[in-house]
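*Asks:* Can you keep this structure in mind? I'll have questions shortly.
Bear in mind these aren't lab numbers, they're just calculated from the coordinates by the rules spelled out. Predicted, not measured: the structure shown is a model, and the values here were computed from it. Cβ sites come from the backbone with ideal geometry, for glycine too, and all protein chains shown count toward neighbours.
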Amino acid sequence: MKLARALTACAIALLSCAIIQPALGQAAYPAKPVRFIVPFPPGGGTDILSRALAQKMSEALGQPFVIDNRPGAGGNIGADLAAKSAPDGYTLVMGQTSNLAVNPTLYSKLPFDPIKDFAPVTLVIEAPLIVLVAQTSPIKSVRDLIAEAKAKPGGINFASPGNGTVGHLVGEMFKRQAGIDMVHVPYKGAAPALTDLLGGRVTVYFASGPVAMGQIKGGKIRAIAVTSRIRSPLLPEVPTVAESGLPGFDASSWYGVLAPAGTPKDIVAKLNAVAVKAMREPELRKQMSGEGGEPIGDTPEHFSAFITSETAKWAKVVKESGARLD
C-alpha cells in the first residue's frame, strides 16, 4: 500500500512538473524588440504619429519598438508585409485610411485582405485634411481656388502623397463637387509634396495635419480650409470646405495600429491597453493634437467595425472619382 501511494505521489509530481515547466519557460510578452511597420516614408504624417506612439509603448513595455518604413503602392507594400508576418505580437503596422479603407476598391486585386488579414488593436487618431497653398499664392480662400480653376481649366495642379491616397481622393472629391478641372500630381510621400508646394511647383495640397501644422505655424504656407464637417480646434479661424461654398463636404484621415490576424487575443489586449493608456497621457495627447489630429484610443472590436464602415464609405468615393490602380 505504501509503495502504491509513493508511486502515485511520484506520478502526480512528475505530471505537475510537466505542466508547470513550459509555463515557467515562457517569457512574459514582449521578450524581444517589436517591429513597427510604417507603410510610408520617413517625415510624413503616418511616420510622425507612429514614432510618437511607439516610443511611449516601448517605455511602458520595456522593449524597443523599432520603426520599419516600408513605403510604396499607396501603403500596400508595408501592409502586406505586416499581414504575412508571424502572428506572435512582434510585428505591428500603422494602418490608415488609404491602405485599409480606400485600396480595396482602388485596386482590382490586393495581396492582402484588410478585414480578414489583420487583428485590429486600436484606432489612434482622426484628423481632417488641410487645404494648403503657399504663403506667396494669390489664392486666399476656397472660393478663390474654385474661381482660379474655372478661369484656367487644367491650369491648376494639386499635390498628393501618392496615387490612391486620401489626399488624392479628397482632391478628386473637391474637383467633382466644385465642378472644376485640376491636374493631380502624385508624390512618393507627404514630405516631397510639401517641398514642392513651398517651392511653388504645385498650387494646392490636401495635406494631413502632422505634415502641415509646423509649416502653418511657421508662416510658410497658408491654410485656406479644413475638410472635416466642423472646424478644427487647432485652426479655429480656418473655415471648413463646406462653409466655403461646397455644402456637405466632409472627409477625414485616420490612423490605427494592427497586428497580423491570428495574434493571440491576450497579446492584442495588452497592446491595446498600453496604446490607449499612452494616448491618455497629457504629453502624447498634446503632441498628437498639436499635429492636427484628435487622439481616439478605442477597443479592438470598435476599431474593427470602424474599418468595415470606412471601407464602404470610401468605396463610393473611389467609384465616383473613376480612380483605379492596378
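*Asks:* Longest exposed-loop-site-free stretch of the chain, with trypsin sites (Lys or Arg not before Pro), DSSP loop and at most 11 other Cβ within 10 Å?
*Replies:* On the way: sites that count: LYS109, LYS116, LYS140, ARG280.
The answer is 141-279.
*Asks:* Ok, one more. Quick one: give the max-minus-min coordinate of the C-alpha atoms of the range 128-244 along each principal axis, largest first, in Å.
*Replies:* 33, 31, 27
*Asks:* Among the listed pairs LYS140/LYS175; LYS150/LYS316; LYS175/LYS313; LYS32/LYS270; LYS188/LYS265, which are separated by more than 24 Å between their Cα atoms? Don't jump to the answer; show the numbers that get you there.
*Replies:* Details: LYS140/LYS175 18 Å; LYS150/LYS316 26 Å; LYS175/LYS313 18 Å; LYS32/LYS270 15 Å; LYS188/LYS265 35 Å.
Those over the limit are LYS150/LYS316; LYS188/LYS265.
*Asks:* What are the residues whose amide H is under 5 Å from the amide H of ALA251, where those residues sit 5 or more places off or on another chain and H is modelled from the backbone?
*Replies:* SER228, ARG229
*Asks:* Then there is this: For the chain, give me the percentage of DSSP beta bridges that are antiparallel, rounded to the nearest 5 percent. Don't skip to the answer; put the middle values down first.
*Replies:* Details: 24 of 41 bridges.
Of those bridges, close to 60 percent are antiparallel.
*Asks:* How large is the helix-only mean residue ellipticity at 222 nm for the chain, computed as the sum of -39500 (n - 2.57) over DSSP H runs with n ≥ 4, divided by its residue count, in deg cm²/dmol to the nearest 500? Each step should come with its number before you reach the end.
*Replies:* Details: 11 runs with 140 residues, N = 326.
Roughly -13500 deg cm²/dmol at 222 nm, from the helical runs in the chain.
*Asks:* Which of the chymotrypsin sites (Phe, Trp or Tyr not before Pro) found in the range 265-326 are loop residues per DSSP with 13 or fewer other Cβ atoms within 10 Å of their Cβ?
*Replies:* Those that pass, being in a loop and sparsely packed, number zero.
*Asks:* Applying the Karplus parametrisation 6.51 cos²θ - 1.76 cosθ + 1.60 with θ = phi - 60° to the phi angles of the range 69-76, what ³J(HN,Hα) value in whole Hz is obtained for each residue in order, glycine and proline being reported as x?
*Replies:* 6, 10, x, x, 6, x, x, 5
*Asks:* Using θ = phi - 60° and the Karplus relation 6.51 cos²θ - 1.76 cosθ + 1.60, list the HN-Hα couplings for the range 236-245 in order, rounded to whole Hz, with x at every Gly or Pro.
*Replies:* x, 7, 8, x, 7, 4, 4, 8, 9, x
*Asks:* To test your reading of the geometry: what angle, between 0 and 90 degrees and rounded to tens, separates the Cα axis of helix 265-279 from the longest principal axis of the chain?
*Replies:* Value to nearest ten degrees: 50.
*Asks:* What share of Cα pairs, in percent, lie more than 25 angstrom apart in the chain?
*Replies:* Working: 27625 of 52975 pairs.
It works out to 52 percent of all Cα pairs.
*Asks:* Using DSSP to call loops (not H, G, I, E or B), can you name the GluC sites (Glu not before Pro) in the range 193-293 whose Cβ has at most 13 other Cβ atoms within 10 angstrom?
*Replies:* Numbers: sites: GLU237, GLU243, GLU283, GLU291; in loops: GLU237, GLU291.
Filter output for the range 193-293: GLU237.
*Asks:* Further question on the same structure: Using modelled backbone amide H atoms (1.01 Å from N, in-plane), which distant-in-sequence or interchain residues come within less than 5 Å of ASP298's amide H?
*Replies:* So ASP298 has HN proximity to LEU123.
*Asks:* Compute the long axis of helix 2-25 from its Cα atoms, compare it with the longest principal axis of the Cα atoms of the chain, and write down the angle in degrees, 0 to 90, nearest 10.
*Replies:* 20
*Asks:* Using each residue's phi in the range 177-193, evaluate 6.51 cos²θ - 1.76 cosθ + 1.60 at θ = phi - 60° and report the 3J(HN,Hα) Karplus result to the nearest Hz, with x for Gly and Pro.
*Replies:* Computed from phi, the couplings for the range 177-193 are 6, 7, x, 10, 10, 10, 8, 7, 10, x, 10, 8, x, 6, 4, x, 5 Hz.
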